[in-house]
Amino acid sequence: MGLALTTGGESHGPALVAILTGLPAGLVLDRDAIDADLRRRQQGYGRSPRQQIETDAVEVLAGLRHGRTLGTPLALLVANRDHRNWTWGMSPWPPEGEPEGKGKAAVTLPRPGHADLAGAQKYGLADVRDALERASARHTAVHVAAGAVAKALLRAIGVEVAGSVHDEAGLQTRVDEARAARDTVGGVVEVRARGVPPGLGSYATKESRLDARLAAAVMGIQAVKGVEIGEGFRLADLRGSEAHDEIVRDETGLRRTSNRAGGVEAGVSNGEEIVVRAAMKPLPTLMKPLGSVDLDTGQPAEALVERSDVAAVEALAVVAEASVAWELAVAAREKFGGDSLGDFVGAWRAYLERIDWTAR
Ligand SMILES: Cc1cc2nc3c(=O)[nH]c(=O)nc-3n(C[C@H](O)[C@H](O)[C@H](O)COP(=O)(O)O)c2cc1C
């Protein structure tokens, strides 16, 4: 069975949930490691005070016994502690009593760059909150939890995935300047995966191409507007002789002398480090709001202002790491299969022996 992930949850609803199917039985999970990734997602320069309210921690509801996966659906939950301030406004059922707390007034001032106007038009919403609650990046928390599970699976076959801010120098200054101007910033993050064997993904169909899947996974994260694999856009300016990675044979197998392809050729991993970069736009909620239109009155108005990050680039690095890890785990499950972790790892070992390749 293929590895699959379904998530649910609104930003200020009771909780975020994820169901992971297709994990092998016998994978040992470490609660502290999952929670550490959840904490990493919450940190970073320029995050909003919400991160002090939420101290994310994973709860496991199904699929795990004594720390080992059962091979059954793994159900994860991350509670929204801030929900206590929104019990009326985000009540799943029609709320009882007088309106109180946050979210009681309908939002009618769509923010340029956010889901507000598109959501109101698409779903016919009178209160834009119905759109922004799910569009918000809050639910990336459960994607990070799922990514931590994927990383545990990948580690069993020697793969390590790490995300970072691409150009960290100067980030704090840019954030400070933007905050002072009541503005926001974006940035670029990079995810690298080492130890990925050749042969994950396929050129057989465009859906099976690993580069397409990695790009979709990262582009699927809120505020990501550009993705490149390896040298990406820079390759367009090079000649073929400068762009492609020559093949040599060394003690670890057939390798490349460079890695401009970013570890993927023809939609298939080639054994070099996988390198994925993503460009994040400046966050759309501005303390000095842009012009908008009040959907209630049709009159010009300033866009909604609510608590918001000035920057979330460091958080994006963690979310992108989780998303890349998840896609690589899906591709590894396709390639090596197995009901138990032992079967999965055994198939990986046999394959590496056949192609005479070892991770560097
Ligand atoms: C980790 C993370 C945190 C974010 N935090 C905010 C935020 O505090 N305020 C905001 O306006 N947008 C934030 N965003 C971006 C919005 O969720 C996103 O721009 C919006 O949903 C519209 O989607 P799009 O940018 O993909 O078009 C964040 C994105 C990520 C990945």
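Read-outs: derived from the displayed coordinates by stated rules, not from any lab. The structure presented is a predicted model; accordingly, all values stated were derived computationally and were not measured. All Cβ positions, even for glycine, are placed from backbone atoms using ideal geometry, and neighbour counts span all protein chains on display.
Observations on the structure shown:
- Residues of type aspartates and glutamates that Lys104 reaches as a straight line, Cα spacing below 14 Å, ignoring anything fewer than 8 places off in the same chain: Glu96, Asp127, Asp130, Glu133, Glu306
- Counting every other Cβ atom within 10 Å of each residue's Cβ, Val345, Val324, Val58 order from fewest to most as Val345, Val58, Val324.
- Segment 20-142: relative contact order in percent, alpha carbon pairs under 8 Å with at least 6 residues between: 21 percent
- For segment 227-277, a/c is not less than 1.5, where a ≥ b ≥ c are the root eigenvalues of the C-alpha gyration tensor, and a/b does not top b/c. That puts it in the oblate class.
- In Hz, Karplus ³J(HN,Hα) per residue of segment 31-41 (6.51, -1.76, 1.60; θ = phi - 60°; x = Gly, Pro): 4, 4, 5, 5, 5, 5, 5, 4, 5, 4, 4
- Gained length - Glu98 relative to Val305, 0.36 nm times residue gap less alpha-carbon distance: 72.1 nm
- Length added when fully stretched, Ser164-Thr6, from 0.36 nm per residue minus Cα-Cα: 54.3 nm
- Proxy reagent accessibility, fewest Cβ within 10 Å first, across Thr55, Thr297: Thr297, Thr55
- Extension gain, Val28-Leu254: 0.36 nm per intervening residue step, less the Cα-Cα distance, totals 78.1 nm.
- Relative contact order of the chain: 23 percent, from C-alpha pairs under 8 Å at least 6 residues apart in sequence.
- The alpha carbon gyration tensor of segment 258-315 gives principal lengths a ≥ b ≥ c with a/c of 1.5 or higher and a/b greater than b/c, which makes the shape prolate.
- Mean separation of Cα contacts under 8 Å (6+ apart) over length of segment 244-360, as relative contact order %: 20 percent
- Listed by chain and number, the aspartates and glutamates whose C-alpha is less than 14 Å from the C-alpha of Lys151, apart from same-chain residues fewer than 8 away, are Asp30, Asp32, Asp35, Asp37, Glu160, Glu321, Glu327.
- Efficiency of FRET from Cβ geometry, Asp296 and Asp343, R₀ 56 Å, rounded to 0.05: 0.45
- For segment 265-274, the Karplus equation 6.51 cos²θ - 1.76 cosθ + 1.60, evaluated at θ = phi - 60°, returns couplings of 10, 6, x, 10, 4, 10, x, 8, 4, 7 Hz by residue, with Gly and Pro reported as x.
- Spread over its residues, the convex hull of the C-alpha atoms of segment 153-208 is 142 Å³ per residue.
- Placing dummy labels 7 Å off each Cα toward the beta-carbon, the span from Tyr351 to Ala279 is 3.4 nm.
- Here, P(r) means the percent of Cα pairs in each 10 Å bin from 0 to the largest distance; for segment 4-83 it is 18, 45, 28, 8, 0.
- Share of pairwise Cα separations in the chain, more than 31 Å, in percent: 40 percent
- Here is how the number arises for the chain: DSSP H runs of 4 or more residues each give -39500 (n - 2.57), the sum is divided by the residue count, and the result at 222 nm is -9000 deg cm²/dmol.
- Cα shape, segment 315-359, gyration tensor, a/c 1.5 rule: prolate
- Model label zone, Ala75; criterion: amide N under 19 Å from point 7 Å along Cα-to-beta-carbon; scope segment 1-39: 4-10, 13-25
- Nearest-0.05 FRET efficiency for Tyr123 and Ala181, computed from C-beta distance (R0 41 Å): 0.75
- For segment 9-85 versus segment 101-165, the gap between their alpha-carbon centres in whole angstrom: 14 Å
- Calculated on C-alpha atoms, the gyration radius of segment 216-360 divided by its Kirkwood radius gives an Rg/Rh of 1.15.
- Across all directions, the average projected area of the convex hull around the alpha carbons of segment 23-165 is 11.4 nm².
- In sequence order, calculated HN-Hα J values of segment 48-58 (Karplus, 6.51, -1.76, 1.60; Hz; x Gly/Pro): 7, x, 4, 5, 7, 6, 8, 10, 4, 8, 8
- log10 of Debye I(q)/I(0), alpha-carbon scatterers only, for segment 106-198 at 0.11, 0.19, 0.26 Å⁻¹: -0.58, -1.00, -1.18
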